[in-house]
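Worksheet: one structure, shown below.
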Amino acid sequence: MFAEPPSSSLGPYWLASRVASGDVTELHLARKVEPDGRLGPLVLLRRPVPQVAGQEGLAARLMEEASLAVGLEHPNVARVLDAGSDGGTPYVVLPMLEGCTVAQLLEHAHAASRRIPVGLALHVVVGACRGLRALHRVAEEAGRPVAPVPRALTAHAVHVSRRGEVRVLEAGTALLRPADGVPGSAAPEVREGRGVDARADVYSAGFVLRALLEVGAGGVPVLPGPVERVLRRALAHAPAERFADVEAFAGALEEVAREVGDFGGEGLGALVEECLRGRSGAWDEGKAGLVVAPALETPRGARGRWWTGAPFVSALVLALHVVVAVYVLWPERPVSERLATAASAQDRVTREEELAPLARDADASPEDLKVASQLLMEVDGFVTAQALAEALEARAPGDVEGPLLLARASAALKMGRRAEEALARAAHLAPSDPRSDVVLADLREQEGDVDAALEALARAHERHAGAAVSLRYGVLLSANGRLAEAARVLSALAEEPGDGTALAELAFVLYRQDRFEEARLLLQRAAREHPQLGLAHYYLGAVLFRLGDAAGAERAWREADRKAPEDVRALAALCELLGSRGRPEASLAVAQELRRRFRSQLDTLHPACLSR
């Protein structure tokens, strides 16, 4: 429990991190642990929040509902891969979905004080209604009443992809309701415990639409008359005054959208991209359909057409305003001055403003373009870094640095085909250069193909790519249960001069092999030789806890927190330890410190001590 916070397990699934949470359920990144100890690809696992996990009959109801969605193929419903229960806690497994929830979009728009265009809001809710109707239809065909499908759709339960695709995430979790209340989007009859039917979903969908229309408005928004009338009907207190079902509601929304001339999701992908990357200034309210091209699927067989990929289109638009402003407004300055200014700045916007013009500057040498691209990737300016890498490859076609930098930027933008094409060119130019395999490992790990990532890192390790690559290889082997191989790689690395990280990771491998005393000795040596290495103290705490030395574990975790105050894990483990040892006041003090210092990370960490 304390060895790998915030990770835990549920059934055969290893939970990597929590990515979203609502009133009733929470969503985790997870991987299935195969019988041989290897980890499967990344998936999403939805389970009830701790407050409702013990609800009577919960697991049986969840399994009954999940059976409706298994095998359902609908563009507006997230597919269910698996469902089960572990220790009375039910769960549903979904495929990885690239994008964000409507709740996250709302949070982003609120923080930026921006309004979501009416057309985009209508597009999202129409998609959600279509997904709900598909679930209703499955229930009806199975001879089940409609009531088991979601009765309180929330913004957390609607997902939007980078391509603007809308999916309902609630399949298999419809009846999970907290014992002390229901989500705020629930219809009055749901909150009051009266009988419900399909019109309750109409109210919930209307509630989500209202949230999308109100965000950033600074009060009650002024809506087109037809939209306001339809919304008012959907949110009527009496079910009889609402639309008959979500299909009728969706049809009414499409009709009023045509009437006011504002409908479509063409700008939605750009908004999702901005939300994910925390960008600002690239989304123009009211012009989303004009600024952003539609998100396009890459046609089958069009492997070379990288410009049709949705990530590229969305990301290009995000950088376009910066590039245009630079060329139009910024006076020409020497390349060396631009590089120096960018190197001294630590923010992405400044670096992009300084370095974007170099892609067309005839005075910029290949070395200048290389440095500029690297500076941008340090601050996640991958779109502009990509343009600079292209310019470098065009000016120095025989230099491996161009395709390598292009592959790195493309992989970061999740443009897999383009990254692979650049890596192929790099491998042709420099077959023995291990960096191509390092970037390929990044790409494969991002795709969830851990075995392929390990193969690439193995090749890079054999080609002596450096201590950092060997350490990454050993740690990934360890994380995927290949402990003997991890021990060999890390043992060799631990004998070389370094900062002690390899020694600590080797000790953690021994810990996982139940060789606790050997692990303890190695970690004490690492802490002695590298007293500022918080990781050694953190792992030492886990080992001492397993050896039954709770007091020693507490000291080690407190020391780890002092050495590495930016790492949440030691404090989270300490919080759990104190709570489990019957020291509520001490646990509460640590929990308060967690909330104070790591508030933004608690959504993914969620230690149990915070809910005590």
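The values are calculated or read from the model by the stated rules, or taken from the named source; none is laboratory data. In this text the structure is predicted, and so the values were computed from the model without any measurement. Glycine also receives a Cβ, built like all others from the backbone with ideal geometry; neighbour counts cover every protein chain displayed. With ligands, DNA and RNA removed, areas are computed over all heavy atoms of the protein, side chains included. Shrake-Rupley method; radii C 1.70, N 1.55, O 1.52, S 1.80 Å.
Structure summary
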{"read-out": "Euclidean distance between Cα centres, the stretch 483-504 to the stretch 525-573, Å", "value": "19"}
{"read-out": "Accessible surface of the stretch 510-577 [probe 1.4 Å, protein heavy atoms]: carbon and sulfur percent", "value": "48"}
{"read-out": "Computed Kirkwood radius, in angstrom, where 1/r is averaged over Cα pairs of the stretch 437-491", "value": "10.7"}
{"read-out": "The stretch 492-609 - charge dipole about Cα centre, Lys and Arg +1 at Cβ, Asp and Glu -1, debye rounded to 20", "value": "440"}
{"read-out": "Summed residue charge, Cβ within 9 Å of Glu393's Cβ, Lys/Arg positive, Asp/Glu negative", "value": "-1"}
{"read-out": "Euclidean distance between Cα centres, the stretch 97-144 to the stretch 184-255, Å", "value": "13"}
{"read-out": "Protection-proxy order for peptides 344-352, 155-163, each taking the mean of Cβ atoms within 10 Å per residue, highest first", "value": "155-163, 344-352"}
{"read-out": "Carbon plus sulfur fraction of accessible area for the stretch 398-437, probe 1.4 Å, in percent", "value": "54"}
{"read-out": "For peptides 120-131, 437-448, sequence by mean Cβ density within 10 Å, most packed first", "value": "120-131, 437-448"}
{"read-out": "Computed Rg/Rh of the stretch 480-540, alpha carbon atoms with Kirkwood Rh", "value": "0.94"}
{"read-out": "For the stretch 427-575, size of Cβ-based charge dipole, Lys and Arg +1, Asp and Glu -1, in debye", "value": "400"}
{"read-out": "Highest average packing first - 419-429, 513-523, Cβ atoms within 10 Å", "value": "419-429, 513-523"}
{"read-out": "For the stretch 455-572: accessible area per residue (Å², 1.4 Å)", "value": "45"}
